[in-house]
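Contents: one structure, followed by commentary.
Each reported figure results from applying straightforward, stated rules to the coordinates on display, with no laboratory input. It should be emphasised that the depicted structure is a prediction, and the values quoted were computed from it without experimental measurement. Note: ideal-geometry Cβ built from the backbone for every residue, glycine included; neighbour counts use all protein chains shown.
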Amino acid sequence: MLVVGVNGTGKTTTIGKLAALWREEGHRPLLVAGDTFRAAAVEQLLVWGERAGVPVVSGPPQADAAGLAFEAWGRAAAEGHDILVIDTAGRLHNKQALMDELAKIVRVLKKRDDTAPHAVLLVLDATIGQNALEQVRVFKEMVDVTGLIVTKLDGSARGGVVVALAEAFGIPVHAVGVGERLEDLRPFDARAFAASLVGSDAAD
């Protein structure tokens, strides 16, 4: 699974929360610190991995993210991990370099399994409003986005962007982030979400 998104959306934090959730469900995730150009991102994922009780594969600063992903796949297979999650860079100011890097990661994963990656999750910050639409367009150009996770969704006024995204792209929203704690990533319930947006009871 590739996790993509602009820096600052809560991507790394979201990966840590997903890992904790999967571990509770009995899975054995392995995380890859693929945003190798930002030391803070690597350190943050290591902290979240420790918090979730999940191992993290990392390399030296500015290591080749694709090589790291390839190596991690081998380790996951050897150690019996059933979910491999690869964090990626989010440097949209240099779109071509980012596009090349993501394409290279996908290429090396296909050497392991020609159906990989099996999922590409795009993490979006609900507070940026309509800019989220542009981010989805840009990332869809680079890689086949299969699902969305919307973070910082702690107020219904921000939730309208989810409706706009559904209308524009039809990509499923898998989860929403409503806070900083491990348990603050929740499965997306469209009916309950719609009810909260219009201020009605979910049963209606």
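Residues within the reach of a label modelled at His93 (point 7 angstrom out along Cα to beta-carbon, backbone nitrogen below 19 Å), restricted to region 21-36, are 35-36. Partner aspartates and glutamates whose Cα lies under 16 Å from the Cα of Lys17, excluding those fewer than 8 positions away in the same chain, are identified as Glu25, Glu43, Glu50, Asp87, Asp125, Glu180, Glu183, Asp184.
Residues whose amide H falls under 5 Å from that of Gly147, counting only those 5 or more places apart or on a different chain, are Val120, Leu122, with hydrogens built in the peptide plane. When the trypsin sites (Lys or Arg not before Pro) in region 96-204 are filtered for DSSP coil states and for at most 13 other beta-carbon atoms within 10 Å of their beta-carbon, the remaining sites are Arg181. Using the alpha carbons alone, the radius of gyration of the chain stands to its Kirkwood radius in an Rg to Rh ratio of 0.97.
Using 0.36 nm times the number of residues separating Ala63 and His174, minus their current alpha carbon distance, what extension gain do you get? Walk me through the numbers before you get to the answer.
On the way: separation 111, 0.36 × 111 = 39.96 nm, distance 3.04 nm.
Answer, rounded to one decimal: 36.9 nm.
Given R0 = 30 Å, the distance between the Cβ atoms of Glu24 and Glu141 translates into a calculated FRET efficiency of 0.25.
Extension gain, Asn7 to Glu50: 0.36 nm times the residue separation minus the Cα-Cα distance gives 13.3 nm.
Calculate, for Arg112 and Ser196, the FRET efficiency according to 1/(1 + (r/R0)^6) with r their C-beta to C-beta distance and R0 45 Å; round to the nearest 0.05.
0.60
Here each label is just a point 7 Å from Cα along the line to Cβ, and for Asn131 and Asp184 those points are 2.0 nm apart.
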